[in-house]
Amino acid sequence: MIRDLPSLAFQGVSRIFPGGVHALKDVSFSIPAGGLTAVIGPSGCGKTTLLRIAAGLDRATSGSVNFIGPDGKTSARGRENLSVCFQDARLLPWRNVVANVALPLELSGVSRVERLARANQVITAAGLAPAQTRLPSQLSGGMRMRVALARTLVTSPDVLLLDEPCSAVDEFTRMQLDEEIRRVWQVSGATTMLITHSVSEAVWLADQIIVMNVGSVHEIHRVALPQQARDRTSTAFLLEVETVMRSLARAAGVVIA
Amino acid sequence: MMGAIKSIRVVVAPLLAVAFMLIAWQVAVMMSGVSAYLLPTPWAIGQTMWANSDRLIGGAIQTAMAATLGFAVAAVMGILVGSMIAAVPFLRRSLYPLATILQMVPLIAVAPLLVIWLGFGLQTAIAAAAVVALFPVLAATIDGQVSVDPGLREFFMLHGASGWTRWRKLDLPASIPIIVTGLRIAAGLAVIGAIVGEFVSGYGGPNAPLGIVIMTAMREARTDLVFAAVALSAAVGFALFGAVSCIGWFLVHRWHASGVTFMEQIK
Ligand SMILES: Nc1ncnc2c1ncn2[C@@H]1O[C@H](COP(=O)(O)OP(=O)(O)OP(=O)(O)O)[C@@H](O)[C@H]1O
Ligand SMILES: [Mg+2]
């Protein structure tokens with residue numbers, strides 16, 4: 001797939017909330033075009049705030065988030081063609097799966113025939129076809145997240161921002177969702193930021209891991225394992241997990257033997 | 001099967017209560033020898049109903065028309081104005097408290113004003129019904145629309161939806177369960193409003209509405225006829241309430257907990 005994907009550059013991003021909460025302090029890193037970067041860190045360290053600023057839902061107090069085109073110039077396209085998946089699925093309870101998945105296209109004025117065709121395509125690819133006429137209340141929590149993930153794909157985004165999409169599900173479902181996230185990332189080819197609190201999830205999916213401590217970047221870790229060779233039980237994988245785990249523990253100020 | 005048995009129980013229990021009440025009433029009046037002028041027996045009221053059925057049914061149709069039209073006006077106005085107030089923070093701060101205060105003014109005190117403005121006739125009964133039915137719809141619409149899940153709003157914002165699109169596709173559907181609750185309260189109030197309007201706007205004739213039937217019967221000391229007309233106005237109220245509950249149930253039962261059982265709704 002040849003596309004002019006943007007990379008995503010966080011440059012000295014700070015955010016002070018009214019009341020003086022210093023949620024982010026001078027955060028800088030960049031997500032290469034088409035890469036998947038995981039952001040990991042203790043609860044309340046500012047991960048969601050970072051994502052909201054990238055999505056344009058919040059403003060940095062200082063610093064900036066830029067989408068950089070292949071020509072090295074700042075481009076507006078990334079922001080226009082961006083998809084966000086939140087921790088809660090955020091589906092409309094009165095719409096069935098197809099109508100929910102087609103909603104982003106509906107809001108951008110795509111014709112009914114075209115948006116249904118596109119929605120059916122991503123639904124089938126996500127293995128949700130048998131459930132497509134069900135309402136969200138008739139789905140399990142894991143399925144609702146899959147619908148939300150399918151919905152982020154329906155607009156063929158250049159940039160994907162995922163905020164702990166697996167935090168509300170059990171370990172089994174998490175593994176299935178991880179497969180789904182990898183598929184979504186590979187199908188879309190999008191420049192992706194994944195917020196997670198699971199080290200093994202980060203190591204399994206990402207090519208770069210940003211370890212945060214309260215409000216700032218503690219360490220940037222490259223995952224050397226090739227995507228095809230990520231076996232959760234292999235020694236190489238477990239060694240990576242251990243390295244990130246140590247980094248996280250240092251960030252959190254916890255001593256591990 | 002279980003469902004059918006359950007519905008029968010839900011219907012039969014209140015019917016039994018009504019039957020028990022009527023029998024107790026009949027027996028109490030017969031035993032105590034209270035005069036029929038003060039308290040007629042249910043049996044006598046039934047006979048009066050039968051004997052005056054033309055007049056009562058004609059009146060009920062008039063009253064039902066006034067209540068239904070007044071309710072419809074209140075429903076449309078309440079949803080439109082309520083949505084506007086909910087959407088504009090300035091209106092929310094200015095108009096909502098005003099509406100709350102106006103709502104405290106008793107209808108019976110305002111009714112003569114309606115006669116001055118609108119004259120004697122059906123239109124005044126409609127207006128009186130609309131005036132009392134408006135506030136619950138307005139309040140429910142505003143409450144429903146300011147409490148739409150902020151996460152969903154954000155989703156619409158992220159996809160560049162205009163305010164109008166968001167209203168049609170999010171705010172309105174999301175607040176329907178609460179609006180339906182407001183509408184159900186309004187349905188009951190509309191009948192009260194219509195009857196009060198009829199009391200003051202007194203249009204008589206062969207098709208006199210129930211409010212007039214009640215007033216006339218009172219002057220003629222026909223307590224049995226008053227009771228018969230009261231029973232019919234209760235029936236009109238129940239019919240309107242039931243119809244609104246039915247429509248509400250069809251709109252929301254698939255996705256909202258408030259619509260899980262229809263019987264819960266009409267209780
Ligand atoms: N709107 C807001 N107003 C004030 N403070 C806020 C606001 N949003 C977030 N914060 C604060 O900013 C800090 C970072 O919050 P954020 O939600 O980004 O954390 P997080 O890393 O996503 O945490 P978690 O893993 O628990 O989701 C927290 O201390 C939080 O209390
Ligand atoms: Mg968060």
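Things to note:
- Taking Cα atoms only, the orientation of helix B:172-201 departs from the longest principal axis of chain B by about 30 degrees.
- Charge-dipole axis of segment B:40-265 as Lys and Arg at +1 and Asp and Glu at -1 on Cβ define it, positive-most pick from B:85, B:130, B:44: B:85
- Against the criterion of solvent-accessible heavy-atom surface with a 1.4 angstrom probe, A:95, A:183, A:246 sort, most first, into A:246, A:183, A:95.
- Rounded to 5, percent antiparallel among DSSP beta bridges of the protein assembly as shown: 55
- Reach of residue A:73 by Cα under 15 Å, taken over aspartates and glutamates that are not fewer than 8 positions away in the same chain: A:4
- Heavy-atom accessible surface of the protein assembly as shown, averaged per residue, reaches 48 Å², computed with a 1.4 Å probe.
- Proximal aspartates and glutamates to residue A:47, defined as alpha-carbon separation beneath 17 angstrom and excluding residues fewer than eight positions away on the same chain: A:26, A:58, A:88, A:163, A:164, A:201, A:219
- Relative contact order for chain B, counting Cα pairs under 8 Å that sit 6 or more residues apart, in percent: 26
- Unit charges at the beta carbon, dipole of chain A: most positive-side option, A:205, A:20, A:155: A:155
- Rounded if a/c under 1.5, otherwise prolate or oblate - the protein assembly as shown, Cα gyration tensor axes: prolate
- Residue A:167 versus residue B:220: modelled label distance in nm, points set 7 Å from Cα along the beta carbon direction: 7.4
- Förster radius 45 Å - calculated FRET efficiency between residue A:175 and residue A:57, Cβ distance, rounded to 0.05: 0.95
- Helix-derived mean residue ellipticity, 222 nm - over chain A, DSSP H n ≥ 4, -39500 (n - 2.57), to 500: -11500 deg cm²/dmol
- Just the protein heavy atoms count here, and of the accessible area of chain B at 1.4 Å, carbon and sulfur take up 76 percent.
- In chain A, the longest principal axis of the Cα atoms and the axis of helix A:235-252 are about 70 degrees apart.
- Interface residues of segment A:88-129, defined as those with an accessible-area decrease of at least 20 Å² between the chain by itself and the complete set of protein chains (probe 1.4 Å), are A:90, A:92, A:93, A:94, A:103, A:104, A:106, A:107.
- Buried solvent-accessible surface, both chains (B, A), 1.4 Å probe, Å² to nearest 100: 1700
- Degrees, to the nearest 10: B:53-87 long Cα axis against longest axis of chain B: 20
- Per residue of chain B, the DSSP helices (runs of n ≥ 4 H) give a summed -39500 (n - 2.57) that works out to -27500 deg cm²/dmol at 222 nm.
- Neighbourhood net charge (14 Å Cβ-Cβ; Lys/Arg +1, Asp/Glu -1) for residue B:156: +3
The values are calculated or read from the model by the stated rules, or taken from the named source; none is laboratory data. Here the structure is a predicted model, which is why all the values come from computation and not from measurement. Backbone-built Cβ (ideal geometry, glycine too); neighbour counts: all protein chains shown. The protein model used for the area step is the full one, side chains on, heavy atoms only, and it has no ligands, DNA or RNA in it. Shrake-Rupley method; radii C 1.70, N 1.55, O 1.52, S 1.80 Å.
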